[in-house]
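A.B. asks: There's a structure below that I have some questions on.
The values are calculated or read from the model by the stated rules, or taken from the named source; none is laboratory data. Please read all numbers here as calculations on a predicted model, not as lab measurements. Because the Cβ atoms are built from the backbone with ideal geometry, glycine has one as well, and the counts that use them run over all protein chains shown. Ligands, DNA and RNA are stripped out before the accessible areas are found, and what is left, the full protein with its side chains, is counted by its heavy atoms. Shrake-Rupley method; radii C 1.70, N 1.55, O 1.52, S 1.80 Å.
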Number of protein chains: 2
Amino acid sequence: MSREEQEAEELSLKTFTVLTRAAQAVKKQAEEDIRQHGLNPTEFAVLELLYHKGEQPIQKIGGKVLIASSSITYVVDKLEKKAYLSRRPCPTDRRVTYASLTEEGTDLMNEIFPKHRQRMHDVLGGVTEDEKTSLIELMKKLGMHAGSL
Amino acid sequence: MSREEQEAEELSLKTFTVLTRAAQAVKKQAEEDIRQHGLNPTEFAVLELLYHKGEQPIQKIGGKVLIASSSITYVVDKLEKKAYLSRRPCPTDRRVTYASLTEEGTDLMNEIFPKHRQRMHDVLGGVTEDEKTSLIELMKKLGMHAGSL
DNA sequence: CCTTTTTATCTCGAATTCGAGATAAGTATA
DNA sequence: TATACTTATCTCGAATTCGAGATAAAAAGG
């Protein structure tokens, strides 16, 4: 392997490391915020999806939040116990169950989502708006390529 | 809240989302590669640390790999059972235990690390070298700020 | 129709991570 | 020295996630 190839691989590895570290640091902040409201990140992600997109078949939740079907059941169970979410059987397809926010769930998200968005804005305060725009563009390319392998 | 502030927060949230997705996609590829060698990501990270930095006190491993002390014990136990790693008590401080690669562990890393580096290089193939350099700079800033909160 | 395949949800057990606390050893202080 | 604080590792139980497989319903193919 040539010197150039070695250096190219090292640059990729370095990028991987820095990406992982940055994502970890940001994720940690997000989790800290979310836990203060008595939720874990997955629970929050599910509530956020329903909050913004409305009622969803349980299976679609797994697709968007990127967790296994067995984990969805677990998370939806927990949110249902907390009364933030309710299940409703689909009238036309008896395999399907919809999940939607209860009034309590909506109230909760009205309360905590703006705070969460503000907190995330603070967390991302290390880069300018232009830099965020660059990051979005570059990470989209990076993510699309990695996701297509 | 003004329109500008709202849009600024939305941009931050978008950046957060794209960062998370990109990191997730890349991490998934890394994990897939690592699992093919019978390891999980944490085990690999520990082996990699010892491979590049040599023998380390167990406690330092937790700091660099960013896992809780109780998790280190678990991972080191597993690697010891697989005979890739051995514990050695520190002669001068009886609280401390060093972990180091066995010959088998070194052989394994000689075998799989170059392949892993190549695979990661492929995974990061969606962006040019200049873009990687930009990403490193931007994500360092982002990660440093988030990590200091 | 009847069989096969696909789809949606759930159950169960294993793997991994964490936090709290135990233990034991080193360090500092009165 | 005796006492209190700090540090390093480990134990234990809980939380979370996954994969494999069960169940039931819908869709597709003959």
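A.B. asks: Keeping the other protein chains in place, figure out the carbon and sulfur percent of the accessible area of the protein assembly as shown, with a 1.4 Å probe.
C.D. replies: The nonpolar share, carbon plus sulfur, comes to 50 percent.
A.B. asks: What is the total of Lys pairs in region A:28-147 with C-alpha atoms under 19 Å apart, excluding same-chain pairs fewer than 8 positions apart?
C.D. replies: 7
A.B. asks: Could you tell me which residue out of A:Leu138, A:His116, A:Ala45 lies farthest along the dipole of region A:29-149 toward its positive end? Charges go on the beta carbon: Lys and Arg +1, Asp and Glu -1, centred on the Cα centre.
C.D. replies: Of the listed residues, the answer is A:Ala45.
A.B. asks: Compute the projected area of the convex hull of the Cα atoms of region A:28-147, averaged over all viewing directions, and report it in nm² to one decimal place.
C.D. replies: Averaging across all directions leaves 8.9 nm² for the Cα convex hull.
A.B. asks: Name all residues of region B:21-50 having a backbone nitrogen under 19 Å from the label point set 7 Å from the Cα of B:Arg88 along its Cα→Cβ direction, giving them as ranges.
C.D. replies: B:46-50
A.B. asks: Which chain A residue puts its Cβ closest to the axis that rotates A onto B, and at what distance in whole Å?
C.D. replies: Minimum Cβ distance to the axis, with residue: A:Ala23, 2.
A.B. asks: Can you list the HN-Hα couplings for region A:90-101, worked out from phi with the Karplus curve (6.51, -1.76, 1.60; θ = phi - 60°), rounded to whole Hz and with x for Gly and Pro?
C.D. replies: Rounded to whole hertz, the list is 6, x, 9, 10, 6, 7, 8, 10, 8, 10, 9, 5.
A.B. asks: Describe numerically, in nm with one decimal, the distance between label points set 7 Å from Cα along Cα→Cβ at A:Glu104 and at A:Asp130.
C.D. replies: 5.0 nm
A.B. asks: Please give the total accessible area that chains A and B bury against each other, computed with a 1.4 Å probe and expressed in Å² to the nearest 100.
C.D. replies: Looking at A and B, the buried total is near 5100 Å².
A.B. asks: Taking a label point 7 Å from Cα toward Cβ, how far is B:Glu31 from its twins in the other copies, in nm, shortest first?
C.D. replies: Those separations, rounded to one decimal, come out as 1.3 nm.
A.B. asks: Leaving out ligands and nucleic acids, and using a 1.4 Å probe, what accessible area per residue does the protein assembly as shown come to in Å²?
C.D. replies: 55 Å²
A.B. asks: Which distances, shortest first and in nm, link B:Cys90 to the matching position in the other copies, using label points set 7 Å out along Cα to C-beta?
C.D. replies: Here B:Cys90 shows inter-copy label distances of 5.9 nm.
A.B. asks: So what J values fall out for region B:74-86 if you push phi through Karplus, 6.51 cos²θ - 1.76 cosθ + 1.60 with θ = phi - 60°, rounded to Hz, Gly and Pro as x?
C.D. replies: So the Karplus estimates, Gly and Pro as x, are 4, 5, 5, 4, 5, 5, 5, 4, 7, 6, 8, 8, 9 Hz.
A.B. asks: Still on this structure: What is the list of residues in region B:7-24 whose amide nitrogen lies under 20 Å from a point 7 angstrom out from the Cα of A:Lys60, following Cα to Cβ?
C.D. replies: Counting backbone N atoms under 20 Å from the label point, the list is empty.
A.B. asks: Mind checking the mean number of beta-carbon atoms from other chains within 10 Å of the Cβ atoms in B:130-136?
C.D. replies: Mean inter-chain Cβ contacts per residue within 10 Å come to 6.
A.B. asks: Can you figure out the FRET efficiency of A:Lys141 with B:Arg95, using R₀ = 35 Å and their beta-carbon distance, to the nearest 0.05?
C.D. replies: Rounded to the nearest 0.05, the efficiency is 0.15.
A.B. asks: In whole Å, what is the distance between the alpha-carbon centres of region B:52-69 and region A:98-149?
C.D. replies: Using only Cα atoms to place each centre, the spacing works out to 31 Å.
A.B. asks: Another one. Provide the net charge surrounding A:Asp122, with neighbours chosen by a C-beta distance below 13 Å and charges set as Lys +1, Arg +1, Asp -1, Glu -1.
C.D. replies: Net of charged neighbours comes to -1.
A.B. asks: Still on this structure, please answer the following. Once you list every other residue whose beta carbon is under 12 Å from the beta carbon of B:Ser12, what net charge do they have if Lys and Arg are +1 and Asp and Glu are -1?
C.D. replies: -3
A.B. asks: How much net charge surrounds B:Lys132 when only the other residues with a Cβ under 13 Å from the Cβ of B:Lys132 are counted, with Lys and Arg +1 and Asp and Glu -1?
C.D. replies: -4
A.B. asks: For B:Glu10, which inter-copy label distances result when the label point lies 7 Å beyond Cα on the Cα-to-Cβ vector, reported in nm to one decimal and in ascending order?
C.D. replies: Once sorted, the set of distances for B:Glu10 reads 4.4 nm.
A.B. asks: Take peptide A:113-120, look around each residue's Cβ out to 10 angstrom, count Cβ atoms belonging to other protein chains, and average those counts.
C.D. replies: Across A:113-120, the average partner-chain Cβ count within 10 Å equals 3.
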